[in-house]
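Let me begin by presenting the structure, written as structure tokens, before commenting on it.
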Amino acid sequence: MCGVLKDQQLKEFNNNVFVRKNSDEKNPLIWWGPLSREKCNSSFNNLESFKKQNLGFENNSIDLTNYNGPLFKNSILGNYQLLKSFPNANNSRDLPSHIKKLINNKNKFIGAFEPID
């Protein structure tokens, strides 16, 4: 895609919680492109290294690498309902109204289940 993509792939990318049990350089947290330098894309192992690119994204996001606390009801069985006991369970932000209308979304959560007990 080098040479083809000239603009950023997103206008906004923020208010996310990145959760990983460990840091693994073989599986970076973020792959991003295009970048305005010799390499047209790059990988980032943590949120701070991504923020240092000064792209204006993820300023209100949280990186929870090496997290082993409560998160999903039962990820082994594929039940990815977020537990209310997860410390960042209520960090979601409202979607912009034009996005809610576009996707016909009536609730606060998108891409994740609402927290449960």
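The values are calculated or read from the model by the stated rules, or taken from the named source; none is laboratory data. Not measured: the values here are computed from a predicted model. Don't worry about glycine lacking a Cβ; one is built from the backbone with ideal geometry, like all the others, and counts go over all protein chains shown. Just the protein is used for accessible areas: all its heavy atoms, side chains included, with ligands, DNA and RNA removed. Shrake-Rupley method; radii C 1.70, N 1.55, O 1.52, S 1.80 Å.
Tabulated data
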quantity	calculated
Option label - Cα Rg over 2.2 N^0.38 Å computed here, alternatives [x] 1.21; [y] 1.37; [z] 3.14	[x]
Simple spin-label estimate for ASN104 and SER61 in nanometres, 7 Å along Cα-Cβ	2.9
For the stretch 13-28, 3J(HN,Hα) per residue [Karplus equation, 6.51 cos²θ - 1.76 cosθ + 1.60, θ = phi - 60°, Hz, x = Gly/Pro]	7, 6, 6, 9, 10, 9, 10, 9, 6, 7, 9, 9, 5, 6, 10, x
Cut-off under 5 Å, modelled amide H: who pairs with LEU83 long-range	LEU71, PHE72, LYS73, ILE116
Ellipticity estimate at 222 nm from DSSP helix runs (n ≥ 4, -39,500 (n - 2.57)) divided over the chain, nearest 500	-2500 deg cm²/dmol
Solvent accessible area, Å² - SER85, 1.4 Å probe, full protein context	70
Contact order normalised by residue count of the chain, Cα under 8 Å, 6+ apart, percent	24
Area of LEU77 that stays accessible when all protein chains are in place (1.4 Å probe, Å², to 10)	140
Size of charge dipole - the stretch 22-99 - debye, nearest 20, with Cβ of Lys, Arg +1 and Asp, Glu -1, no other charges	100
Antiparallel DSSP beta bridges within the chain, as percent of all bridges there, nearest 5	50
